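Notes follow the structure.
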C-alpha cells in the first residue's frame, strides 16, 4: 500500500523587489515527500536554499504557488494559525544552536512546549528520553557554555523533536562543526528521522552529508533538480 503524500509543494516562486526590478529567487519549485523521507538540498550560496526552507516552515511566505502539509495549505492560515502550525508541526535546526544560555539542557529542550500545553510530566519524560538517545543523560542540568559544539547541536536536535513534528527542517546543521562531530550529528539526524518517522529536509553545503541522504536535490536557477 502506498503511503499518502505528506508534503506537497507546487510551482513555488519567491521574488523580491529591488531598485533594478524584481529579483527571482525561486522560479517554480515542485516537491512531494512522504513521512519518513529524508532529502538533502544543495546549491551555491544565494541560490535560495534557506529561503525555500523558511517558506516550507511557515517562517516566510511565497510570492506564488502552494505548500501543503498533511493536506493543510499554508496560504489559508492567519498569523495565529501559522504560529500554531510552526510550533506543533515543524521542528527547526539551524547552523547556530540558538540555545538560551541561562537555561539548562533540559529546560532548553522543553522551551517549545511552553507555547502549547506547557512542560508537563509527559513532555519532561519525552525530553529526558530524547536526551538519553543522543547521549546527554548526564548533561541535563548543564548550561550551554559547559557543552562542546557538538553537544550543543545535539541539544538543538532534541529541542526540534520535543513536540513530535511531522516536518523537520535543518539549515546547515553541521556547518559550525569539525568533521568528526559533523559526521556524528549527520548520523544522528538520519537515525532519528527513521526512528521518529519524521519528514526531514536538510540544506547543506557539505557533499559528504548530502551523499548520505536517500534523496538529494540541487537548487539551480530557482528550480529543484533531483540528483
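Observations, loosely collected:
- Extending 7 Å from Cα along the Cβ direction at residue 194 and again at residue 72 yields two label points whose distance is 2.9 nm.
- Extension gain, residue 10 back to residue 138 (0.36 nm per residue minus Cα-Cα distance, nm): 41.6 nm
- Protection proxy ranking, peptides 32-38, 159-165, average beta carbon neighbours within 10 Å, highest first: 159-165, 32-38
- Relative packing of 13-26, 170-183, which averages over residues the other C-beta atoms within 10 Å, highest first: 170-183, 13-26
- P(r) tail fraction, region 108-164 - alpha-carbon pairs more than 13 Å apart, %: 55 percent
- Normalising the Debye intensity of region 120-227 to I(0), with uniform scatterers on Cα atoms only, and taking log10 at q = 0.16, 0.21, 0.24 Å⁻¹ returns -0.75, -1.19, -1.45.
- From most to least packed by mean Cβ count within 10 Å, the peptides 186-192, 200-206, 73-79 give 200-206, 186-192, 73-79.
- Centre-to-centre separation between the Cα atoms of region 151-227 and those of region 88-123: 18 Å.
- Sequence-separation-based contact order of the chain, relative, with Cα cut under 8 Å and 6+ spacing, percent: 30 percent
- Rg over Rh, two decimals, the chain (C-alpha only, Kirkwood Rh): 0.97
- In units of the rule-of-thumb radius 2.2 N^0.38 Å, region 170-227 shows an alpha carbon radius of gyration of 1.14.
Laboratory data are not the source of any read-out in this text; all were calculated from the coordinates shown. Note that the structure is predicted; figures quoted are calculated from it, not measured. When we count neighbours, we look across all protein chains shown, and the Cβ atoms used for this are built from the backbone with ideal geometry, even at glycine.
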